[in-house]
Structure formats: structure tokens, C-alpha cells
Amino acid sequence: MKKEPFVTNQQLQEIVKKYPTPFHLYDEKGIRENARALKKAFSWNPGFKEYFAVKATPNPFLLKIFQEEGIGCDCSSLTELMLSDALHFKGEDIMFSSNATPAEEFQFAHEIGAIINLDDFTHIDFLEKAIGEIPETISCRYNPGGVFQISNSIMDNPGDAKYGFTTEQMFEGFRVLQQKGAKHFGIHAFLASNTVTNAYYPALAKTLFEVAVKLKEETGADIRFINLSGGIGIPYQPDQEPNDIFAIGEGVRKVYEEVLVPAGMGDVAIYTELGRYMTGPFGCLVTAAIHEKHTHKEYIGCDACAVNLMRPAMYGAYHHITVMGKDNSVCDHKYDITGSLCENNDKFAIDRMLPKIDIGDLLVIHDTGAHGFSMGYNYNGKLKSAEVLLKEDGSAQLIRRAETPEDYFATFDCFDILKDMRRK
Ligand SMILES: *Cc1c(COP(=O)(O)O)cnc(C)c1O
């Protein structure tokens, strides 16, 4: 399948006149339509709710869009909780799924009424000490160990993952939590990441539903929700078949009716905490070619670097690249597309066949809408880019300005070199 940018060359040429490259661009229309499709796919479950994984794209303008679509926030840290709270998400619309959690983060989560999803058995006592009680509604993260397999293919390796309670700890944890005053329970698990198969959620659901039934039978706990968490992936590669969210919703419904309904648990709400699936394809990194270099290989140097998008450098991840305005040209040039970091892994693509690139060409790096900007850092003193929203009416809105040197130096305020700093 041909991967097309969600923005036309003409639109983009206008946008870059106002907002200089590099920047991440997000597609409001795509985000809204996708969010609505997810809700529709799970509309068979009256309690269904998606909590958007804020860490994927922690931008208040995007969170507002999700809020308008009836979606909550899944937070992993104090600042994400603060952001959700400042946007007036209600307590029950905030899930706090953290790990190795500092006490002050539990305290703040409790203060704003967020649902706390415990990562570990020992966190029961830790939480109780931190907030002085156990909340009436509490969730536990489950890790069955071993490898997570669908038919014969291994999806991921939970036995090697730092997250969650073991099976025995789930049972003991529910008992202890009940003794300490918990009344309503949730179960959560995240067993495979970026899955591009409609079978992941139904297989995960089956595992969780079966444990839920046993937990209810053995502890009598009132299980209110089962959180399938994140992990639905997106096709980064042009030849990958995208997930079909309606097939996924239907697959989960089938297992729900097979496992939960006969156990008298037909009122359990399904929650999700999707990040990548919600924004990944609806963001791109826009960068300009500013150098070409002909040495042992052919290089194009861009004005973006791994600080703006870390996935290729960190995981060797594939991100499709479109050279704007050259859709109809043949891909007869082999390039390494690089950023400016003093790190040889700062390459957005290696040996990629593309049309001939000229200096000043705009490159669209696809699928950066989740875990793109947000994974950024400041190595080499490079500054984080702006974020721009392509609105439904076709206009562009700056939703985060680019970092300035002042931002970068701001944390040295104890050091008086700042007063001698020349401003650009
Ligand atoms: C990262 C994360 C998510 C979102 O994962 P995606 O792969 O982006 O869908 C959801 N829940 C938790 C606890 C996470 O850590």
C-alpha cells in the first residue's frame, strides 16, 4: 500500500512559511475519526472507556481533542497527572498506571481522585503509607510471566518484563486490599507492544477474563473493569496490513461472552489505554534537506535530528519518508537521511530508495504522532521542535512553540553565567 502524507505539498508549503522546520504536524481530522471508530468498535460494552496514554503525545491541545471525544487520560508520572488535572479531566477519567512510583506521585494521584493501577504487590503497603488509606476503587497490573504467544508466534516476553503482579500475588493482593478497605477492583495487563494483528487484544482479553473469573470466585472481589491497556500497533511499513479495530472489538466481545457472561460478570467495563494507535499515524515530522554529502555513501542532512524523533536511532525503527512534491518521481536514489547529532546512529533512514532530493526539499517522516516528540531529549544541546496542529478546516495552529536557548539554559538559574549569555 502506498503511504500518503495527510497534508498536501501545497498546504505544507504554506505552513512552513509561518512555522519554520523542523516541527511535528498533527492531523485533527484523523485523530477524531480514529477515536470515534475505536469507541464504535467497543460500543457493545456499555462501560467502555479509552484512557489515552498521555506519554505518547503529552500536548494539552491534543488531550483537549480527546476530552471532547469522551476519552480520558492514562498517566505515568506526576507531570502527566498535573497536565490532566489542569485540563479538568475528572478523577475517574484519569488512570494512573505507573511503576517504581515515588510516594509524592501516589499522593497527588489520590488527591485528584485518579484511579490508581498498582504495579506491584509491595506497592499495597507503600501506597497505604503514602496516602494513609487504600482507595475504595483500585486496580492491579497482572503479569502472567512466560512468553505471550498467539498460535505459534511469540508476541512478547512478559517473563522478562519489570511490570506487574504474578498470578499468586494477584490473589493474595486482592485479599489484602479487601482487608484494607478496597471495595471495587480493576485488572490491567500490557503484554505486547506495537502489535499489528487483530488477534492481540482478544488473546489478552481471554487471559485477563479467565483470571478475573477465578479472582472473583476465590476472593469474592467486585471486579468493575478490565483494562486491556496499550499495545495495538500501527503499520509503520508500507507493506503492513493495518489493524481492523472493528475486528478487534468483535474479537474481544466474543471472548467476553464466552468467559465473563457465563460467570455472571456481564457488567464488567472494558477499558483501554491506547497511545500509539490513537495518534501514531496522525503525526509526522516535517524537516528540510539542508545538506547533501557524497562520500562513501550518499547522505542527506536534515534540520531535524534524533532529538526530535528517537525511534530510528533507539530501536532501528522504520519510519516511511515522503519527499514532498516528488510523488511521481522514481525512487532511484539510495540515501542515508541524517540528523546533526555527533552520533552515527542519528539517521532517520539507511539505504532508503527515494526520489532525487534537492537542498530545500521538504521531507515528511511518517507516523511520528506517538512516542515521537515526547521521547525527545537535548543531547548535543539541540532544542526540541515546535508542534503544529492541522485543523479540520485546513488551517494550522501552533500548539507548542519550539524550545529556545533560554529554555535550555533555564535550569542553571543558580549559576550567574546566565547574565553574561549573549542572546541570539
Ligand atoms: C506505554 C503505555 C501505554 C500505551 O502504549 P501504546 O503502545 O502506545 O499503545 C498504555 N499503558 C501503559 C501502562 C503504558 O506504559
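No lab work stands behind these numbers, since they all come straight from the coordinates. Note that the coordinates shown come from a computational prediction; the quantities given were computed from them, not determined experimentally. Cβ atoms come from the backbone with ideal geometry, glycine included; neighbour counts cover every protein chain shown.
Quick notes on this one:
- On the stretch given as segment 159-174, residues that are under 14 Å from H123 (Cα atoms) and outside any loop (DSSP other than H, G, I, E, B) total 6.
- Count of segment 42-89 residues, restricted to those that are in contact (Cβ under 8 Å) with a residue 24 or more places away in the chain, away from the ligand (no atom under 11 Å from the Cβ) and among the basic types (K, R), is 1.
- Counting the residues of segment 219-237 that are under 16 Å from the mean Cα position of the chain (by Cα) and either surrounded by fewer than 24 Cβ atoms within 10 Å (Cβ to Cβ) or among the small types (G, A, S) (or both) gives 7.
- Comparison of A161, A189 shows that the only residue that is of a type in the set (G, A, S), touching a Lys or Arg at 6+ places or on another chain (Cβ under 7 Å) and within 11 Å of the ligand (Cβ to nearest atom) is A189.
- Scanning segment 192-231 for residues that are within 15 Å of the ligand (Cβ to nearest atom) and more than 28 Å from S153 (Cα to Cα) turns up just one, F225.
Quick grid of which residues meet (1) under 29 Å from the mean Cα position of the chain (by Cα); (2) assigned to a helix (DSSP H, G or I):
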position	(1), (2)
F209	yes, yes
V213	no, yes
E217	no, yes
Q240	yes, no
G251	yes, yes
L260	yes, yes
G266	no, no
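- In summary, I134 fulfils each of the numbered conditions (1) in contact with a helix residue (DSSP H, G or I) (Cβ under 8 Å, 6 or more places away or on another chain); (2) of a type in the set (A, V, I, L, M); (3) exposed (fewer than 15 other Cβ atoms within 10 Å of the Cβ) with the single exception of condition (3).
- Only one of F225, F190, F246 that is of a type in the set (F, W, Y) and part of a helix (DSSP H, G or I): F246
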